[in-house]
Structure formats: structure tokens, C-alpha cells
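What follows is a single structure, written as C-alpha cells, with notes after it.
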């Protein structure tokens, strides 16, 4: 495939209709071949750094257009790796991921096959998802519990909350307790600690929450300190999850070598590419570690990519769904999946299985 045009889109944040979420700036990229086939990608874009990610996409895209034949592997090997100049970072990896995802979308459409077929074939026909109840601004424990009860009534079998956003440990404990009471004993509750600066507070909270049987504790400490994370894991009974803020294989190998983690959650649009994600998954499997890809602000391009990846990895468990972005994604994308009883159906359309409304994207652009 010869890439003729690379177009990034920076979509402004929009609050959910009920005001629960303030939304995030989203970064997409459109690739177009000389024959007119269009592929879409998305980048994991951190707050205040989305424009930087777009600029990296533009630079990578200019080099991509010079390739006589573009493919995901060729792009990663001949362009992305040399251009990182041995200074990899999450923003660069996110831009790389966006373009590589779009190249996979193009390949699938050219072959008239869904992405999971190109990756060797799916081993499941649906993927379990957990509903992320991220609250921005911070809500009361009662409101968070009610939100999770609503998710449970809609069929979700797992939810994620952020108890340590509460100002006190008492408030955090109330958040977890009320959520457990609201969803019942059969729903998995993920607790995201969002990287605590005080390890003692994080450990105290982890022990305080043990009676409520959390499915995992996510990022109790910074994932780039595997030794501290391993000590934390040894001091609590909960599964430990980390990985969304890091990219590349070396970091994850260190986590596995130090037995610092039970589940890794690299971001599907930030790890450095889908191929890198699959390598992380295989490495995790070899160390008896599970993988649950992170998907920060998407129910469109990145989410669909995550479904395809989960469908081909034997150690993949839950896929992440930002519940409040479902309605927002519907404004500009038509996606080939259905969520029912806590599962997302596997896309069967060629490529990723997404059709983007470019007029809507332009109207929403920053």
C-alpha cells in the first residue's frame, strides 16, 4: 500500500449529557492510500499533551508517505523505531500506535477481512468488558455507588471506581463499601488508585478494602518502580495491575522479572503499536500474568482495536470501556460491536469495523 495522505483530527472535550464526565480531547488519524482506501487510528492522548501527540503524528506521517509500500511491520521497523532516536516516551508511542492501528485497518479493508482474522484468528466470539465509572468532577460515595448499580442493571458484570479520589480514607472506604452493596457479590469491582504518592497510605487503603473483595488494585504506586510495586504486591492479598502509563517491551519485562504484577494493562493506543501489544501479551502469558488492555477515552477506534487484540490473546481478560463515552462516540462513529450482558461482540466488518463521520469530526475539532 502506498500512503497518499495523512490527516490528524483533534476533537474537543464534550461533557456527557448527565454531566458526570467532562470529557477528554481525542486524537484520531486518517490514512488514505493512492487507491482511495481509508484507515483510521487513535492515539492515547494525555491531558495537556494532545497537540504534541498530533505534531508527532504529522512528522511520522510525512515519513510514512515516502514509503513505496507501507505495512505495520515496515512502519515500525523503518520509520517509528529510527525516529524515536533512542528516546522513547508515551507520547511518541501513542502517535506510533495511532498510525500503526490505521495501517492495520487499511490491511483488513484491502483483504476484506476483520482485523482478528489477519492476526491469526479469534479464539472467542465476544469479549468481557468492565465499565469504568470515572467521575470528573469527583462525586460522592453514594453517587458513585448509584452509578455502578445502574451499570449492573444494564448487564455489566464488572465496574471500576477511584476511591482514593475521595478526600479521606473514611470516604474512600465508604465508596468501596457502598459500591459493593449496590452491585452485589457477583460483580467484579476494580479499584484504581491512580498512582499514590504515599506508599503507606496506599497500603493502608489496600488492606482496608480487602473485606470488599476487589478484583484488582490498579496502579497503587508508579509502575516505573517495579521493586516498590513488588514489595506492595507481597504485602496485600489483592491482584496488582499496572502498565497504562508505560510503553515498550523493556518495562514490562522488568515487571515480570520482579514478579511485581498480576495483570498488565498497557494502553491499546499507547503501547507503541498493536504488534507491541501482542508481544507484551505473549511475554505476560509466559510469566503466568494476565492482560487487560487499557483504553482511556474511546469507545470507537481504540476500543475496537482492543476487542480484536483481546480476541486473539489467550491470557486476555476484561477490556476497558469508558461508559460515559458511549453516547459521545455515537456522534461521529458507526462501530461494529454490540454490548450485551457485560460482553462486547467481536467485530466482523473488514478492518477494525468502524466508519467515521468526517463532517462530524470537523465540526467537533479543536
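The values are calculated or read from the model by the stated rules, or taken from the named source; none is laboratory data. Treat the numbers as computed from the prediction; the structure is a model and nothing was measured. Neighbour counts are summed over all protein chains in view; Cβ atoms, including those assigned to glycine, are modelled from backbone coordinates with ideal geometry.
I'd like to check something: does the stretch 268-280 contain any residue that is closer than 19 Å to residue 159 by Cβ and either crowded, with 22+ Cβ neighbours inside 10 Å or not assigned by TED's automatic domain parsing to the domain that holds residue 192 (or both)? The answer is no; no qualifying residue exists. The single residue among 337, 318, 323 that is under 25 Å from residue 148 (Cα atoms), assigned by TED's automatic domain parsing to the domain that holds residue 249, surrounded by 23 or more Cβ atoms within 10 Å (Cβ to Cβ) and modelled with pLDDT of 95 or more turns out to be 318.
Residue 194 meets the stated requirement of being assigned by TED's automatic domain parsing to the domain that holds residue 326, within 25 Å of the chain's Cα centre (by Cα) and assigned to a loop (DSSP other than H, G, I, E, B). Remark: residue 7 matches the filter, which requires a residue to be surrounded by fewer than 20 Cβ atoms within 10 Å (Cβ to Cβ) and not assigned by TED's automatic domain parsing to the domain that holds residue 325.
Filtering the stretch 312-335 to residues that are in a loop (DSSP other than H, G, I, E, B) and in contact with a strand residue (DSSP E or B) (Cβ under 7 Å, 6 or more places away or on another chain) leaves 313, 315, 317, 318, 332. Looking across the stretch 13-57 at every residue that is on the phi > 0 side of the Ramachandran plot and over 19 Å from the mean Cα position of the chain (by Cα), the one that is surrounded by the most Cβ atoms within 10 Å (Cβ to Cβ) is identified as 19. Which residues, counting only those in the stretch 74-108, are surrounded by fewer than 19 Cβ atoms within 10 Å (Cβ to Cβ), in contact (Cβ under 8 Å) with a residue 24 or more places away in the chain and assigned to a helix (DSSP H, G or I)? Listed by number, the list holds a single entry, 83.
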